[in-house]
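This report refers to the structure that appears directly beneath it.
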Amino acid sequence: MASNYLAELEAIQRWVKATAGLNSMRLQTAPPKVARPVILWEAPSRSRDRNITRWLYVNQVTQYGKLYANDLGQLLDFQDKLFSDLEERVGVLPVFDQAGQQTGKLEAVQLTFREAEGLDVPIEVQYQVTYSRTKPVVPPAPTAVYTKVTYQEGGSADG
């Protein structure tokens, strides 16, 4: 599950950097002193949403973070770029593996900026992500079928 989380967060970070030119990093300890502007990502909230089929299920995820801006104009510019780009993408962000191949997508992505503490703004990215369970190996088809005939001596006269 941790590798799924890291791939999802990397997809969000890649989108934020490409769209708004905004650096971001995942918190691993107490918040460090960082150069502004930046987003610091915190622990996400994950829940099972529903089963699509026996082998596919959807997780509902909320990724929390905080955007640290230099001034109000910069903060509004970041918000405008991120909202506009997310609207153009129809709420879908691609997820890539280590080799750069697309392996999935974040769907129904919603971006929320919470009540600001000066120029430090809590941010939430909510999305749905689909995962699959491992299917058991299907036994191979039979290569030959045999019929075994048994004879019982002294059987009844009817049959």
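The values are calculated or read from the model by the stated rules, or taken from the named source; none is laboratory data. All values reported here derive from a predicted model rather than from experimental measurement. We place every Cβ from the backbone using ideal geometry, glycine too, and count neighbours over all the protein chains shown. For accessibility, only protein heavy atoms count, side chains too; no ligands or nucleic acids. Shrake-Rupley method; radii C 1.70, N 1.55, O 1.52, S 1.80 Å.
What does the extension gain come out to for ARG114 and ARG26, with contour length at 0.36 nm per residue minus their alpha carbon separation?
Contour length minus Cα-Cα distance gives 29.8 nm.
What is the calculated FRET efficiency for VAL149 to ARG54, with r their C-beta to C-beta distance and R₀ = 30 Å, to the nearest 0.05?
0.15
Looking at region 1-89 only, what percent of DSSP beta bridges run antiparallel? Nearest 5 please.
Beta bridges within region 1-89, antiparallel portion: roughly 75 percent.
Any chance you could count the Lys pairs in the chain whose alpha carbons are under 22 Å apart, treating pairs 8 or more apart or on different chains as valid?
So the count works out to 8.
Of all accessible surface on region 38-159 at a 1.4 Å probe, what whole percent is carbon and sulfur? Show your work: numbers first, answer last.
Numbers: 4180 of 8450 Å².
Heavy-atom surface of region 38-159 belonging to carbon and sulfur, 1.4 Å probe: 49 percent.
When DSSP assigns beta bridges and you keep just the ones with both residues in the chain, what percent turn out antiparallel, to the nearest 5? Provide the component values of the computation, followed by the final result.
Working: 34 of 37 bridges.
The antiparallel proportion sits near 90 percent.
Taking the chain as a Gaussian network, where each spring joins two C-alpha atoms under 10 Å apart, which residue of VAL34, VAL121, VAL145 fluctuates the most?
Of VAL34, VAL121, VAL145, the Gaussian network model singles out VAL145 as fluctuating most.
For the chain, what does -39500 (n - 2.57) per DSSP helix run (n ≥ 4), summed and divided by total residues, give at 222 nm, in deg cm²/dmol to the nearest 500?
Working: 2 runs with 36 residues, N = 159.
My calculation for the chain gives -7500 deg cm²/dmol from helical runs alone.
Spelling out what I want: for every residue of region 124-129, take phi, set θ = phi - 60°, compute 6.51 cos²θ - 1.76 cosθ + 1.60 (Karplus), and round to whole Hz; glycine and proline get x.
10, 10, 9, 7, 10, 9
Work out from phi, with θ = phi - 60° and the Karplus expression 6.51 cos²θ - 1.76 cosθ + 1.60, the ³J(HN,Hα) of each residue of region 64-71, listed in order in whole Hz, and give x for Gly and Pro.
After applying 6.51 cos²θ - 1.76 cosθ + 1.60, I find 9, x, 9, 8, 9, 10, 7, 8 Hz.
Classify region 43-92: rounded, prolate or oblate, from the alpha-carbon gyration tensor (a ≥ b ≥ c, eigenvalue square roots; a/c under 1.5 rounded; otherwise prolate if a/b is larger than b/c)?
In terms of gyration-tensor shape, oblate.
In degrees, nearest 10, range 0 to 90: what is the angle between the Cα axis of helix 2-20 and the longest Cα principal axis of the chain?
Long axis of 2-20 versus the principal axis of the chain: about 40 degrees.
Of (1) 8.7; (2) 10.1; (3) 17.7, which is the value of mean projected area of the Cα convex hull in nm² derived from the coordinates here?
(3)
Mind listing the long-range amide H neighbours of LEU22? Cut-off is under 5 Å, sequence gap 5 or more, other chains count too, H placed in the peptide plane at 1.01 Å from N.
Amide H neighbours of LEU22, under 5 Å, 5+ apart: LYS17.
Take each of the peptides 62-75, 84-97, 131-144, average the number of other beta-carbon atoms within 10 Å over its residues, and list them starting from the highest.
Details: 62-75: 16.9, 84-97: 13.9, 131-144: 7.3.
Peptide ranking by packing, descending: 62-75, 84-97, 131-144.
Hey, what angle do you get for helix 72-88 against the long axis of the chain, alpha-carbon based, 0 to 90 degrees rounded to 10?
Between helix and principal axis, roughly 30 degrees.
May I ask you to give the solvent-accessible area per residue for the chain, in square angstrom, as obtained with a 1.4 angstrom probe?
I get 67 Å² per residue for this part.
Grab the Cα-Cα distance for SER47 and THR103, subtract it from 0.36 nm times how many residues apart they are, and report the gain in nm with one decimal.
So the extension gain works out to 18.1 nm.
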